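Here is the structure we will look at.
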Amino acid sequence: EFTKYSLSDIAGMSSAYAIRIYELLSQYRSIGKREISIESLRGMLELGKRYPLSADLKRWVIDTAVDQINEHSPLDVSYEQIKTGRKVTHIQFTFKEKSKSIEHKPEQNNFYKSYYRFRDCKHHNQFR
(Lines give C-alpha, C1' and ligand atoms only; values in the text may rest on other atoms or scores of the structure.)
Protein backbone atom coordinates (compact mmCIF):
# COMPACT_ATOMS: atom_id res chain seq x y z
CA GLU A 1 0.00 0.00 0.00
CA PHE A 2 1.22 3.47 -0.86
CA THR A 3 1.16 6.59 1.26
CA LYS A 4 -0.19 9.70 -0.45
CA TYR A 5 1.13 13.15 0.34
CA SER A 6 1.69 16.36 -1.54
CA LEU A 7 5.10 16.90 -3.09
CA SER A 8 5.07 20.39 -1.59
CA ASP A 9 5.07 18.74 1.87
CA ILE A 10 8.64 17.53 1.33
CA ALA A 11 9.95 20.01 -1.25
CA GLY A 12 12.16 21.94 1.21
CA MET A 13 13.67 18.87 2.87
CA SER A 14 17.30 18.11 2.05
CA SER A 15 17.62 14.97 4.17
CA ALA A 16 16.52 11.67 2.63
CA TYR A 17 15.95 10.46 6.20
CA ALA A 18 13.56 13.36 6.85
CA ILE A 19 11.55 12.46 3.76
CA ARG A 20 11.40 8.77 4.72
CA ILE A 21 10.43 9.50 8.33
CA TYR A 22 7.76 11.90 7.05
CA GLU A 23 6.39 9.07 4.90
CA LEU A 24 6.43 6.69 7.88
CA LEU A 25 4.56 9.21 10.05
CA SER A 26 2.07 10.05 7.30
CA GLN A 27 0.89 6.43 7.37
CA TYR A 28 -0.33 7.09 10.93
CA ARG A 29 -1.58 10.63 10.31
CA SER A 30 -5.08 9.92 11.65
CA ILE A 31 -3.63 8.44 14.86
CA GLY A 32 -0.98 11.10 15.55
CA LYS A 33 1.45 8.72 17.18
CA ARG A 34 3.87 6.03 16.01
CA GLU A 35 6.30 3.89 17.98
CA ILE A 36 9.12 2.29 16.03
CA SER A 37 11.88 0.07 17.36
CA ILE A 38 15.40 1.30 16.73
CA GLU A 39 16.17 -1.85 14.73
CA SER A 40 13.06 -1.42 12.56
CA LEU A 41 13.85 2.25 12.03
CA ARG A 42 17.40 1.36 10.97
CA GLY A 43 15.96 -1.08 8.44
CA MET A 44 13.31 1.33 7.16
CA LEU A 45 15.96 4.03 6.66
CA GLU A 46 18.43 1.52 5.16
CA LEU A 47 21.16 2.68 7.53
CA GLY A 48 23.15 -0.55 7.55
CA LYS A 49 26.15 -0.05 9.84
CA ARG A 50 26.03 3.76 9.73
CA TYR A 51 25.44 5.57 13.02
CA PRO A 52 26.05 2.59 15.34
CA LEU A 53 25.90 4.77 18.48
CA SER A 54 22.39 5.80 19.48
CA ALA A 55 23.67 9.32 20.25
CA ASP A 56 24.87 9.65 16.63
CA LEU A 57 21.62 8.20 15.28
CA LYS A 58 19.68 10.72 17.36
CA ARG A 59 21.86 13.70 16.41
CA TRP A 60 22.46 13.09 12.71
CA VAL A 61 19.31 11.26 11.66
CA ILE A 62 16.36 11.73 14.00
CA ASP A 63 16.96 15.33 15.19
CA THR A 64 17.78 16.50 11.66
CA ALA A 65 14.71 14.78 10.25
CA VAL A 66 12.35 16.13 12.90
CA ASP A 67 13.73 19.67 12.45
CA GLN A 68 13.21 19.53 8.67
CA ILE A 69 9.75 17.98 8.96
CA ASN A 70 8.71 20.69 11.42
CA GLU A 71 10.10 23.43 9.19
CA HIS A 72 8.87 22.28 5.78
CA SER A 73 5.84 20.01 6.21
CA PRO A 74 2.30 20.45 7.50
CA LEU A 75 3.14 18.25 10.51
CA ASP A 76 4.36 19.35 13.92
CA VAL A 77 6.49 16.44 15.20
CA SER A 78 8.13 15.60 18.51
CA TYR A 79 9.59 12.35 19.75
CA GLU A 80 10.57 10.50 22.87
CA GLN A 81 13.21 7.82 23.33
CA ILE A 82 11.94 4.71 25.09
CA LYS A 83 14.43 2.65 27.04
CA THR A 84 14.46 -0.98 28.03
CA GLY A 85 16.83 -1.02 30.95
CA ARG A 86 19.55 1.46 30.07
CA LYS A 87 19.37 1.00 26.31
CA VAL A 88 17.19 3.06 23.96
CA THR A 89 15.10 0.47 22.12
CA HIS A 90 12.21 2.47 20.60
CA ILE A 91 11.36 5.94 19.37
CA GLN A 92 7.83 7.22 19.88
CA PHE A 93 6.90 9.98 17.47
CA THR A 94 3.96 12.24 18.31
CA PHE A 95 2.63 14.55 15.63
CA LYS A 96 -0.32 16.68 14.60
CA GLU A 97 -1.32 18.89 11.72
CA LYS A 98 -0.16 22.48 11.97
CA SER A 99 -2.94 25.03 12.03
CA LYS A 100 -3.60 26.22 8.49
CA SER A 101 -4.62 29.77 9.18
CA ILE A 102 -1.92 32.24 10.00
CA GLU A 103 -3.33 35.13 11.93
CA HIS A 104 -1.63 38.50 11.79
CA LYS A 105 -1.28 40.20 15.11
CA PRO A 106 -3.11 43.53 15.28
CA GLU A 107 0.03 45.33 16.44
CA GLN A 108 1.83 44.18 13.28
CA ASN A 109 -0.92 45.59 11.09
CA ASN A 110 -0.80 48.88 13.00
CA PHE A 111 2.96 49.03 12.57
CA TYR A 112 2.69 48.70 8.79
CA LYS A 113 -0.17 51.19 8.56
CA SER A 114 1.86 53.71 10.59
CA TYR A 115 4.96 53.04 8.49
CA TYR A 116 3.16 53.64 5.21
CA ARG A 117 1.45 56.76 6.53
CA PHE A 118 4.82 58.11 7.65
CA ARG A 119 6.45 57.17 4.35
CA ASP A 120 3.63 58.72 2.31
CA CYS A 121 3.73 61.93 4.39
CA LYS A 122 7.47 62.18 4.00
CA HIS A 123 7.19 61.55 0.26
CA HIS A 124 4.36 64.10 -0.04
CA ASN A 125 6.28 66.82 1.84
CA GLN A 126 9.32 66.28 -0.33
CA PHE A 127 7.58 67.63 -3.42
CA ARG A 128 5.95 70.69 -1.88
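The values are calculated or read from the model by the stated rules, or taken from the named source; none is laboratory data. Just so you know, these numbers come straight off a predicted model, no measurement behind them. Note: accessible area is taken over every heavy atom of the protein model, side chains too, but ligands, DNA and RNA are not part of it. Shrake-Rupley method; radii C 1.70, N 1.55, O 1.52, S 1.80 Å.
For the reader, a short list of remarks on this structure follows.
- In this structure, the pairs whose alpha-carbon distance is over 25 Å, taken from LYS58/LYS87; LYS49/LYS96; LYS4/LYS96; LYS33/LYS83; LYS58/LYS100; LYS49/LYS98, are LYS49/LYS96; LYS58/LYS100; LYS49/LYS98.
- Accessible area in square angstrom per residue, the range 1-108, 1.4 angstrom probe: 68
- For the pair LYS4 and GLN81, the difference between a 0.36 nm per residue extended length and the Cα-Cα distance amounts to 25.0 nm.
- Rounded percent of accessible protein surface that carbon and sulfur make up, the range 2-63, 1.4 Å probe: 54
- Length released on extending from SER30 to SER99, taking residue separation times 0.36 nm less the Cα-Cα span: 23.3 nm
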